[in-house]
Amino acid sequence: MKLLFATHNRHKVEEVLQILAHTDVQLVTLADTGFTEDPPETSDTFEGNALQKARWVYERTGQLCVADDSGLEVDALGGRPGVHSKRYSPEALPGPNNQLLLSELAGIEDRVARFRCVIAVVGAGVERTAEGRCEGRIAHALQGDGGFGYDPLFLADETPGRSLAELSMDDKNAISHRGRAFRKLPDLLEGLL
């Protein structure tokens, strides 16, 4: 069961391949196909961006496609960085993004946050979505050196005191927003392949 995954993000590909390891879904990435362009992300919702990316790739390849959009929502910041998580700081890099988040939360004790991920499957006459969430809070300092993005700052409710960057890949995938969303992928594909 082969499916085109609309991303060039190697960290995301590694995570998703591990999440799907025990399924019969095989992902082909944009890099595998020689496709060099990145799909657009101009929506103001995770679902809108996931659908936009999947539609864009499907229109150019004609292949059944899955795309995702995910990000961090911090209650004290009105849901920011949200859909702008990847490009939160002017540098649009993990280090500056994390530092900006910490500076904006300086002096704030209510650090409730969540990671959200929406996946979208698009094919001929088909559009299906699913969502995964991971609830937690933002730490006061970076913790751990695993994972990527905001992982060193995110303390999931299921792992008190430990950031996602301090978890093994298996432990992270068991509770992460992306893990929860992509475990729904086989159901989204039912009847399509």
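Some notes on this structure:
- Considering residues of region 176-188 that are hydrophobic (A, V, I, L, M, F, W, C) and either over 13 Å from the mean Cα position of the chain (by Cα) or modelled with pLDDT under 95 (or both) only, the residue nearest to residue 20 (Cα to Cα): 185
- Residues within region 99-129 that are surrounded by fewer than 21 Cβ atoms within 10 Å (Cβ to Cβ) and of a type outside the set (Lys, Arg), tallied: 18
- Test: residue in region 60-77 that is crowded, with 21+ Cβ neighbours inside 10 Å and in a helix (DSSP H, G or I): no
Quick grid of which residues meet (1) among the small types (Gly, Ala, Ser); (2) out of contact with any Ser or Thr (no Cβ under 7 Å at 6 or more places or on another chain); (3) over 24 Å from residue 168 (Cβ atoms); (4) at pLDDT 95 or above:
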site: 13; (1), (2), (3), (4): no, no, no, no
site: 22; (1), (2), (3), (4): no, yes, no, no
site: 62; (1), (2), (3), (4): yes, yes, yes, no
site: 75; (1), (2), (3), (4): no, yes, yes, yes
site: 91; (1), (2), (3), (4): no, yes, yes, yes
site: 102; (1), (2), (3), (4): no, yes, yes, yes
site: 108; (1), (2), (3), (4): no, yes, yes, yes
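- Counted as qualifying within region 121-192 are the helices (runs of 4 or more DSSP H) with 1 or more residues that are more than 22 Å from residue 10 (Cα to Cα), namely 185-188.
- Residue tally, condition without any contact (Cβ under 8 Å) to a residue 24 or more places away in the chain and hydrophobic (A, V, I, L, M, F, W, C), over region 17-32: 3
- Residue ID - modelled with the lowest pLDDT, chosen from residues in region 145-173 that are within 14 Å of residue 135 (Cβ to Cβ) and out of contact with any Leu (no Cβ under 7 Å at 6 or more places or on another chain): 160
The values are calculated or read from the model by the stated rules, or taken from the named source; none is laboratory data. Predicted, not measured: the structure shown is a model, and the values here were computed from it. Every residue, glycine as well, gets a Cβ built from its backbone with ideal geometry; the counts of neighbours run over all protein chains shown.
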